[in-house]
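Structure first, commentary second.
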Amino acid sequence: RWIEHLSKLGSLDDSMRRVDRPARRGLRRLAREPALGGLPLTPDIVMPTVLETVSAPRSGYVQLVDMAGLQDCLPGEARAYIRIAPGEHVLEGEPLVQVSAPLSDSAARRVAASFVIGDIRTFEQDPAIGLVALSEIASKALSPGINDSGTAMEATTRSERLLWHYALERSTAPRATAVHDRVFLPIPSAGDLIEAAFATIARDGAGQIEVARRLRAALLTLAEGPDPELANAARAMAERALLYADAALILDEERETLRQTGTDK
């Protein structure tokens, strides 16, 4: 059993299995609690004209935000508007969060300490990292030195399944009440999730008809899913993937076969 375990350790298939579970947890949390217990920072939010900016103390990826701790740092009824969400990269000195009230030096330090910044992205509060990891596995499998279309197709299927369940969860599960109601957090859009999952595969697999067909079928399935925002993003990605394939496929028959894929959906 140990030899069998070692033989699989580090393989692309083993890597996909290890990614799948935390990715599902992250997307489930995004569907139920998109702003991590705070309020979503959407374009229609009217922000105060005067804001106190707290800058990032170091460069790296935002790995975690202590939402409760951040709200506790805010004076009075002040609100915090997070500029860099978990999973995004920030440079030292860039605006990390803005607060609608003056902050003392000690309060500003406590606000900055509510953010964990590290050298890599992590799964804990980053819902897109699992999709990115599967996409990178597919891209590596499609490289000329490996040329493993089967792994790329399996990664596509896993991302399709993850996003389908996310759409179901988003359309049926009750949204959690915002317990940190003075903290606003940017959340990834459906387009961001589709981009993370499929953009690289659409580009790198465009010249392999079997990969292009699996990708188009997955996207057209998601385009018929229960969440309208995700469906629209999947439909747009399907059209982009078709443009990539039109430029990469040599045979007219393959182009026509790809166009017929999923037409019954």
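Structure notes:
- Relative to the longest principal axis of the Cα atoms of the chain, the long axis of helix 190-204 makes an angle of roughly 40 degrees.
- Difference of contour (0.36 nm per residue) and Cα-Cα distance, H165 to A113: 15.3 nm
- Accessible solvent surface per residue of the chain, calculated while the other protein chains remain in place, 1.4 angstrom probe, Å²: 50
- Remark: the E94-R203 segment gains 36.0 nm on full extension, using 0.36 nm per residue and subtracting the alpha carbon distance.
- Over all distinct Cα-Cα pairs of region 176-244, the Kirkwood formula returns a hydrodynamic radius of 13.1 Å.
- If you model region 102-260 as an ellipsoid using its alpha carbon gyration tensor, with each semi-axis the square root of five times an eigenvalue, the axes come out at 36, 19, 12 Å, biggest first.
- Sulfur and carbon atoms: percent of accessible area, region 128-195 [1.4 Å]: 52
- Averaging 1/r over each pair of different alpha-carbon atoms in the chain and inverting the result gives 20.1 Å, the Kirkwood hydrodynamic radius.
- Folded to 0 to 90 degrees: helix 129-141 orientation relative to the chain principal axis, Cα: 30
- Acute angle (nearest 10 degrees) that the helix 228-248 long axis makes with the longest principal axis of the chain, alpha-carbon atoms: 50
- Over all distinct Cα-Cα pairs of region 5-112, the Kirkwood formula returns a hydrodynamic radius of 16.2 Å.
The values are calculated or read from the model by the stated rules, or taken from the named source; none is laboratory data. As the structure is a computational prediction, the values presented were derived from the model and not from experiment. In case anyone asks, the SASA skips ligands and DNA or RNA and just uses the protein heavy atoms, side chains included. Shrake-Rupley method; radii C 1.70, N 1.55, O 1.52, S 1.80 Å.
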